[in-house]
Each structure stands twice: as structure tokens, then as C-alpha cells.
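Visitor: Have a look at the structure that comes next, please.
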Amino acid sequence: GYANTEIYDGSSWTETGDTNTARGRLASGGTQTDAFVAAGNLGPPGDTNSAEKFDGTSWTNNPTVNTARGNVAGAGNGTAAVIFGGNPPGPDALTEQFNGSSWTEVSDLNTARYASMGDGTSTAAWNAGGHDTTIPGESAKVEQWNGSSWTETPSLNTQRQEGAGFGTTTSTIVFGGKNPDTGGSTVLSITEFYNGTAWTEVGDLGTANKFQSGAGADSSSGISMAGSTGPGDGTASNISEEWTKADFLSKTVTTS
């Protein structure tokens with residue numbers, strides 16, 4: 001896992017303060033001045049339960065989550081967050097909510113899964129796709145969180161895991177990932193938009209990608225960052241792409 005942190009100003013990336021715990025496949029959310037990371041995979045010897053918040057310059061340790069896990073998704077910010085799913089060791093439905101001082105286990109997802117996509121706030125979040133217990137494993141299911149429970153909503157058109165997304169429960173973009181579960185050999189560029197009622201396929205990523213991060217307030221604009229573009233899980237990428245809803249096009253900004 002990496003501890004590196006970078007900030008984007010609309011034209012270039014700048015390295016800033018590292019996380020206290022290096023990790024991958026973690027839950028995250030928030031803004032450039034109020035963000036969080038929680039749980040994640042350390043590589044050997046396993047997963048972490050540490051959580052941190054970001055103030056725009058540096059990371060500070062938050063109270064730890066109750067269950068260490070990797071391949072977990074999340075939503076919220078440094079003072080109010082929710083994390084869900086993961087694999088300790090198989091697909092999990094566990095959900096934990098942070099109130100600024102401690103993490104509490106709350107209502108589970110309806111479908112246990114890991115490597116899913118998610119965003120929103122601690123009281124209005126969404127979870128899409130991921131790897132569940134079916135064969136070959138990728139899911140198209142979507143659920144929404146209202147602060148106390150999960151409700152199933154319309155499914156994605158393309159089932160996937162290890163993709164990314166951003167937005168609210170009524171204005172959402174998801175993109176990338178892999179499908180079917182063939183050891184990472186099929187990487188996706190497919191992008192979908194949710195308007196609160198149904199998912200529609202829109203402009204693809206410029207480069208098929210998985211394991212990337214995504215950020216954006218709603219479906220109007222956002223960004224896809226880094227990831228893996230090759231057939232193997234170890235093919236790292238530094239590609240970043242910007243999304244604009246106005247013309248449903250993805251615009252590539254590649255940095256070295």
C-alpha cells in the first residue's frame with residue numbers, strides 16, 4: 001500500500017502530507033480540506049482498522065473502525081462517515097458509521113460484497129457493483145443508505161467490481177472496473193449515469209481502468225485517478241481523466 005497523497009488544482013497534481021498508515025483498497029470520501037480514509041489492505045500481514053482525516057495539508061489519526069478489512073467502500077468526510085462491505089475474508093455486508101468521535105456498527109448491506117463503488121454522505125450514500133457470492137462474482141446491484149438502513153434500487157447495466165464513482169443518491173456516475181471475474185483480464189471503460197430513476201450508459205473513459213479512485217460532488221463534473229490499465233493487478237497507472245456532464249464526454253489529462 002501507498003501513503004502518498006496528491007492534490008489536484010484543475011491543471012496539475014502536487015504531493016502533500018502522507019497518510020500515517022500506508023494502505024490500499026481502502027474506504028475514503030470528503031473534500032480536499034475535509035476527507036477521511038478508513039480500513040484497507042496493508043499487504044502481508046493483512047488488513048488494518050485504522051482511520052484518518054485530512055485537513056487540506058496533513059493527516060491525523062481518527063478513532064479506529066471496529067472491524068479491520070480490505071476492499072471496502074465508504075462515503076462522508078473526516079467528521080461524519082460511513083463504510084460498508086469488504087472482505088474479511090469473503091464478501092461482507094458489515095456497515096459502520098462515524099459520528100466524529102467513534103465508529104458504530106449499524107444495519108448491514110442487503111447483499112454482502114467487496115470491491116464495490118460508493119459515495120455520498122454519512123446519512124445519504126450509495127453502493128454499487130462489487131464482488132458477491134454468485135458465479136462469476138461481479139454484481140450489478142445498487143443500494144442506497146438513509147442513515148439507518150439500506151434499500152435496493154435499480155441495478156447497473158453492466159455488472160462490475162473494482163471500479164469507481166462519485167455523486168449523490170440521485171445524481172451518480174460510475175466507471176471502469178473489471179468483468180467478468182477472469183483474474184483481471186477484462187478491464188472496463190464503460191461509464192453509467194444515474195438520475196434517481198434509472199442507469200444510462202454514457203461516454204466511456206478514454207482508457208479502460210480498474211482500481212482507480214473517483215471524486216466529484218455530483219454527476220456534473222468529476223475525476224478518475226490512477227488505477228490499473230493492464231490485464232494484471234500489478235500494472236499501475238498514473239492516468240487522470242476529467243468528466244463533464246454537459247456533453248457526456250470524458251476528457252483526458254495525463255500527468256507524469
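The values are calculated or read from the model by the stated rules, or taken from the named source; none is laboratory data. Here the structure is a predicted model, which means the values were calculated and not measured. Backbone-built Cβ (ideal geometry, glycine too); neighbour counts: all protein chains shown. Accessible surface areas use protein heavy atoms only, side chains included; no ligands, DNA or RNA. Shrake-Rupley method; radii C 1.70, N 1.55, O 1.52, S 1.80 Å.
Visitor: Can you give the extra length, in nm with one decimal, that the chain gains between A198 and T244 once fully stretched, where that is 0.36 nm per residue apart less the Cα-Cα distance?
Guide: 14.6 nm
Visitor: Something else: Would you mind counting up the charge near A38? Only other residues with Cβ under 12 Å from its Cβ, with Lys and Arg at +1 and Asp and Glu at -1.
Guide: So the environment of A38 carries a net charge of +1.
Visitor: A further question follows. Expressed as a whole percentage, what fraction of the accessible surface of the chain belongs to carbon and sulfur atoms when a 1.4 Å probe is rolled over the protein heavy atoms? Numbers along the way, then the final one.
Guide: Working: 5080 of 10520 Å².
Of the solvent-accessible surface of the chain, carbon and sulfur hold 48 percent.
Visitor: Follow-up. To the nearest whole percent, what portion of all C-alpha pairs in the stretch 13-116 is separated by more than 18 angstrom?
Guide: 41 percent
Visitor: Any chance you could check the Cα centroid distance between the stretch 1-50 and the stretch 193-229 for me, in angstrom?
Guide: 19 Å
Visitor: Next question, about the same structure. Karplus couplings for the stretch 188-195 from phi (6.51 cos²θ - 1.76 cosθ + 1.60, θ = phi - 60°), rounded to Hz, Gly and Pro as x?
Guide: Values, residue by residue: 9, 10, 4, 10, 10, 10, 10, 9 Hz.
Visitor: Rg to Rh for the stretch 21-71: what is it, with Cα atoms only and Rh by Kirkwood?
Guide: Result: Rg/Rh = 0.98.
Visitor: Using the Karplus equation 6.51 cos²θ - 1.76 cosθ + 1.60 (θ = phi - 60°), what ³J(HN,Hα) coupling, rounded to whole Hz, does each residue of the stretch 112-128 give in order, writing x for Gly and Pro?
Guide: Each residue of the stretch 112-128 in turn: 5, 6, 9, 6, 9, 10, x, 6, x, 10, 5, 10, 8, 10, 10, 9, 9 Hz.
Visitor: Using modelled backbone amide H atoms (1.01 Å from N, in-plane), which distant-in-sequence or interchain residues come within less than 5 Å of A93's amide H?
Guide: Under 5 Å from the amide H of A93 lie the amide H atoms of R113, each far enough along the sequence or on another chain.
Visitor: Looking at the square roots a ≥ b ≥ c of the eigenvalues of the Cα gyration tensor of the chain, which shape do they give, rounded for a/c under 1.5, prolate if a/b is larger than b/c, or oblate?
Guide: rounded
Visitor: OK, next. Farthest toward the dipole's positive end in the chain, which of N4, T121, N49, given Cβ charges of +1 (Lys, Arg) and -1 (Asp, Glu) about the Cα centre?
Guide: Highest projection toward the positive end goes to N49.
Visitor: Residue-wise, which Karplus ³J(HN,Hα) couplings in Hz belong to the stretch 100-111, taking 6.51 cos²θ - 1.76 cosθ + 1.60, θ = phi - 60°, and x for glycine or proline?
Guide: x, 10, 7, 9, 10, 6, 10, 4, 6, 4, 6, 10
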